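Take this structure, written in structure tokens, and hold onto it; I'll ask about it next.
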Ligand SMILES: [Ca+2]
Ligand SMILES: [Ca+2]
């Protein structure tokens with residue numbers, strides 16, 4: 001099991017592109033695309049995207065430049081933030 005990091009990076013790129021492509025623009029995630037991504041890839045988080053208020057909050061926290069869409073840099077900030085949160089939780093167990 002080597003090249004785990006390289007594989008993870010490729011998967012992040014692939015995942016972003018897969019969900020971002022739904023509306024024909026593969027460069028950004030719309031609110032619906034963000035919702036789909038969380039529903040499928042992070043079930044259990046945000047109650048699977050059912051909680052509309054939480055989805056709105058999440059999107060606005062991800063959307064650093066306030067253009068109502070999430071680009072790859074913003075997506076990576078969110079993934080990094082979540083991963084750090086998981087790491088911190090694991091440390092305190
Ligand atoms: Ca898109
Ligand atoms: Ca944005």
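If you go through the range 59-69 one residue at a time, do you hit one that is within 16 Å of ligand 1 (Cβ to nearest atom) and in contact (Cβ under 8 Å) with a residue 40 or more places away in the chain?
The initial filter retains those residues of the range 59-69 that are within 16 Å of ligand 1 (Cβ to nearest atom), namely 59, 62-63, 65, 67-69.
Filter once more, keeping what is in contact (Cβ under 8 Å) with a residue 40 or more places away in the chain: 69.
Checked the range 59-69: at least one residue is within 16 Å of ligand 1 (Cβ to nearest atom) and in contact (Cβ under 8 Å) with a residue 40 or more places away in the chain.
A further question on this structure: Determine, yes or no, whether residue 56 is at pLDDT 95 or above and within 16 Å of ligand 2 (Cβ to nearest atom).
Numbers: at pLDDT 95 or above: no; within 16 Å of ligand 2 (Cβ to nearest atom): yes.
Answer is no for this residue.
The values are calculated or read from the model by the stated rules, or taken from the named source; none is laboratory data. Nothing here was measured: the structure is a model prediction, and the numbers come from that model. No Cβ is skipped: glycine too gets one built from the backbone with ideal geometry, and neighbour counts run over all protein chains shown.
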